[in-house]
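The values are calculated or read from the model by the stated rules, or taken from the named source; none is laboratory data. In this text, all values refer to a predicted model and were calculated from it rather than measured experimentally. Here the Cβ is made from the backbone with ideal geometry for all residues, glycine too, and neighbour counts use every protein chain on show. Side chains included, ligands, DNA and RNA excluded: accessible areas come from the protein's heavy atoms. Shrake-Rupley method; radii C 1.70, N 1.55, O 1.52, S 1.80 Å.
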Amino acid sequence: MSTNSTSDELGTSRVKRGLAEMLKGGVIMDVVNAGQAKIAEDAGAVAVMALERVPADIRSQGGVARMSDPDLIDGIIEAVSIPVMAKARIGHFVEAQILQSLKVDYIDESEVLSPADYVNHIDKWNFSVPFVCGATNLGEALRRITEGAAMIRSKGEAGTGDVSEATKHIRTILGEINALKGKSKDELYVAAKELQAPYELVREIAAAGKLPVVLFTAGGVATPADAALMMQLGADGVFVGSGIFKSGNPAQRAAAIVKATTFFDDADIVAQASRGLGEAMVGINVSDLAAPHRLSERGW
Amino acid sequence: MAGSATPTVGVLALQGDFREHIAVLRQLGADAIPVKRVEELERVAGLVIPGGESSVMDKLSRMFGLAEPLKAAITSGMPVYGTCAGLIMLADTVLDGIVGQQSLGGFDLAVRRNAFGSQLDSFETDLEVAALGDPPMHAVFIRAPVVETVGARATALASLADGRVVAVEQDNLLGTSFHPEMTGDTRFHQYFLAKVKAA
């Protein structure tokens, strides 16, 4: 289809980060097959995220969670015209190579799947397709950006329907950015040491007052009010995983979350969007999860 | 508004990179506001429809009663500039839309969504734009649309090396497949603001 001429530059940082810029103010929905992808697109998703099982099922069924079957990803790409993202395991650069060869629009190197490498993340500069990565704090976000991530999502605690970790992580990241503002140069050296992140990047963020990439939030968003909360806290957009397809009426709930994300600052509209949605996903309180079952602690 | 030295311009803020457009317009001295309600639309003398996901903007604009007032504003001659998804929103005909996708229309064009393929085909390139003079504009195309048919009332402003049209104008309307709000080259925004001041 493409007939790019030789002077064109493909896969640049600007192009990679740029797609995430276009997703801002939107909702990215987890889907496991083409049927769900279609429902998500019809409900107003800005993109869909393909994965083998939604996080709630990964939790309840256990076992190793991996990249989706390429047939399912092809089916999803075929079914929708909005961007298709897909998850690869942390450090599993071959899954990422496969996803790039399938021409997904974004790869999520995700803690929701079982990590393939407990030491190294993927060197994301090696790819033309952009990556989104999870982070629980600013240092983690900056390490992922240093490795080439073109978009960050705060992790939250996937598959719980409990928004408290998502709240904690977005507040932490934005709070740590705020704390950098106004620091002098000598203080920024120390900040870089404490954040375990490159000084140049820390200085850039202190000057700009924001990350150089788009920051979405994820992990436990289950209601229109949850989505509006994330937006009011300063997220650029939201990922909704199990919250949609583990609820009583996915299509209606998905559309309601889209409305609440756009009109996050209008309580009347969020109230209206919250009416009559049927059952939300049952959910698990994060405090009831034993530490080894907390996905947000994967990745570092 | 009419008579005021710096007319208020809006950027449709339902979804997408509207903040970047607001920043560029403010940098050029315009009083720029986000628009997602009819009352906000009524305050502006010109509108930018940003990059983003056209199918989502279409749905939300119809759902919240903004589509009809937007169409009326376009018909009444309000200057409107659409980038990427915004260009799709302005086109009379949308090719490869999602099922049931509509556009505001007004621009005598047929525009194809995602005309280059997947994100791997997104690219940057230099583009000659005669209306803006030298130097060429550095243009960023992200899952971009192209203008497949330029109708009798519209004019092509720029084309790729292969001839595909990526910038267009028609009276009060301006459209680009690419994103000048991302590169710091403000000439298209200045061109749009000149239309607003002349209107």
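When residue A:77 is tested against (1) among the hydrophobic types (A, V, I, L, M, F, W, C); (2) within 12 Å of chain B (Cβ to nearest Cβ); (3) surrounded by 24 or more Cβ atoms within 10 Å (Cβ to Cβ); (4) outside any loop (DSSP other than H, G, I, E, B), just one condition goes unmet, and that condition is (3). Residues that are of a type outside the set (Val, Ile, Thr), open to solvent by less than 50 Å² (accessible area, probe 1.4 Å), away from every other protein chain (no Cβ under 14 Å) and under 23 Å from residue A:68 (Cβ atoms) occur in region A:126-133; there is at least one. When residue A:265 is tested against (1) within 13 Å of another protein chain (Cβ to nearest Cβ); (2) out of contact with any strand residue (DSSP E or B) (no Cβ under 9 Å at 6 or more places or on another chain); (3) in contact (Cβ under 8 Å) with a residue 60 or more places away in the chain, just one condition goes unmet, and that condition is (3). In region B:74-86, the condition of being touching a helix residue (DSSP H, G or I) at 6+ places or on another chain (Cβ under 9 Å), surrounded by 23 or more Cβ atoms within 10 Å (Cβ to Cβ), among the β-branched types (Val, Ile, Thr) and more than 17 Å from residue B:165 (Cβ to Cβ) is met by at least one residue. For region B:1-65, the helices (runs of 4 or more DSSP H) that sit wholly inside it and include 3 or more residues that are buried (at least 16 other Cβ atoms within 10 Å of the Cβ) are B:18-27, B:54-63. Taken over region A:96-119, the criterion of being more than 14 Å from chain B (Cβ to nearest Cβ), open to solvent by 40 Å² or more (accessible area, probe 1.4 Å) and touching an Asp or Glu at 6+ places or on another chain (Cβ under 9 Å) is satisfied by A:116 alone. Out of A:70, A:83, one residue alone is touching a residue at least 24 places away in the same chain (Cβ under 8 Å) and away from every other protein chain (no Cβ under 14 Å). It is A:70.
The set of residues from region A:147-181 being within 15 Å of the chain's Cα centre (by Cα), aliphatic (A, V, I, L, M) and more than 25 Å from residue A:14 (Cα to Cα) comprises A:158, A:163, A:166. Quick one: is residue B:126 away from chain A (no Cβ under 11 Å) and farther than 21 Å from residue A:28 by Cβ? Here the answer is no, as residue B:126 does not meet what is asked.
Every residue, every condition in (1) open to solvent by 30 Å² or more (accessible area, probe 1.4 Å); (2) over 18 Å from residue B:96 (Cβ atoms), yes or no:
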| site | (1), (2) |
| --- | --- |
| B:137 | no, yes |
| B:141 | no, no |
| B:147 | no, no |
| B:152 | yes, yes |
| B:156 | yes, yes |
| B:159 | yes, yes |
| B:162 | yes, yes |
| B:167 | no, yes |
| B:171 | yes, yes |
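No other residue among A:86, A:56, A:65, A:37 is in a strand (DSSP E or B), open to solvent by less than 30 Å² (accessible area, probe 1.4 Å) and either at pLDDT below 95 or small (Gly, Ala, Ser) (or both) apart from A:86. Residues that are assigned to a loop (DSSP other than H, G, I, E, B), closer than 23 Å to residue A:74 by Cα and of a type in the set (Phe, Trp, Tyr) within region A:105-143 comprise just one, A:127. With on the phi > 0 side of the Ramachandran plot and either of a type outside the set (Val, Ile, Thr) or touching a strand residue (DSSP E or B) at 6+ places or on another chain (Cβ under 6 Å) (or both) as the only criterion, which of A:175, A:139, A:148, A:134 stands out? Just a single option satisfies the conditions, and that option is A:148.
Say whether the condition of being in contact (Cβ under 8 Å) with a residue 40 or more places away in the chain, in contact with a Ser or Thr (Cβ under 7 Å, 6 or more places away or on another chain), open to solvent by less than 40 Å² (accessible area, probe 1.4 Å) and part of a helix (DSSP H, G or I) is met by at least one residue in region A:282-296. Scanning region A:282-296, I find at least one residue that is in contact (Cβ under 8 Å) with a residue 40 or more places away in the chain, in contact with a Ser or Thr (Cβ under 7 Å, 6 or more places away or on another chain), open to solvent by less than 40 Å² (accessible area, probe 1.4 Å) and part of a helix (DSSP H, G or I), so the answer is yes.
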